[in-house]
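The values are calculated or read from the model by the stated rules, or taken from the named source; none is laboratory data. Keep in mind it's a predicted model, so treat the numbers as computed, not measured. For neighbour counting, all protein chains shown are included, and Cβ atoms are generated from backbone atoms with ideal geometry for every residue, glycine included.
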Amino acid sequence: MYVSIGEAAIMMGVCIQTLRQWEVSGYLTPKFRTSGGHRRYLLSDIHIKTNTSNQNNINKTIAYARVSSNDQKQDLLRQQQVLENYCKTNKYNYDLISDLGSGLNFNKKGLHKLINLIINKQINT
C-alpha cells in the first residue's frame, strides 16, 4: 500500500519538509511519483524507519517546561534547570523541550513535538 507525503509525515511524526530532505539525503525515498509529481511512499518502508527510531528512543525521557509570557523568562530558565538536575540525578536519557506561551494556546512548537513523540511511541517517560 502506498501513502502520500502528508500521510507519511503524520505517521512518522515529522513535517513534510523533513521527508523532502530525507529524499535528497537518500534516507527515505518515495517509491514513485504520480503523473502530477506527487510522492508516494511504501507503507512498509515507513514502518521500518519508524520502528528503528522507536527502538533508539525506547528509554527516552522528555522534560517539558513552559511559561505563559516573556515576563516569566527567568522562571522558564529555573524550570529548565530543575528538570535537568532531576533527570541527571536519576540518570535518565532525556531531552528537554520548552515553550513560551499561554496554556490556552495549543499552537506551540514544543508542545507539538511532545505530542508527536507520544503518539509515535518514541519516548518512555
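Return a yes/no flag: does segment 38-50 have any residue that is farther than 23 Å from MET11 by Cα, β-branched (Val, Ile, Thr) and surrounded by 14 or more Cβ atoms within 10 Å (Cβ to Cβ). No, that holds for no residue. Answer yes or no: is there a residue in segment 79-100 that is more than 24 Å from GLN122 (Cα to Cα), more than 22 Å from the chain's Cα centre (by Cα) and not small (Gly, Ala, Ser). Scanning segment 79-100 turns up no residue that is more than 24 Å from GLN122 (Cα to Cα), more than 22 Å from the chain's Cα centre (by Cα) and not small (Gly, Ala, Ser). Taken over segment 5-31, the criterion of being over 12 Å from ASP45 (Cβ atoms) and either assigned by TED's automatic domain parsing to the domain that holds LYS113 or not small (Gly, Ala, Ser) (or both) is satisfied by ILE5, GLU7, ILE10, VAL14, CYS15, ILE16, GLN17, THR18, ARG20, GLN21, VAL24. Residue count for segment 4-16 under the criterion of being farther than 22 Å from ILE118 by Cβ and not β-branched (Val, Ile, Thr): the result is 1. Cβ separations smaller than 8 Å between residues 6+ apart or across chains give the following pairs from segment 79-92 residues that are free of Cβ contacts under 8 Å to residues at least 40 places away in the same chain to residues that are among the β-branched types (Val, Ile, Thr) and exposed (fewer than 15 other Cβ atoms within 10 Å of the Cβ): TYR92/THR125.
Among strands (runs of 3 or more DSSP E) lying entirely in segment 1-116, which contain 3 or more residues that are not basic (Lys, Arg)? Answer list for segment 1-116: 2-4, 60-67, 93-100.
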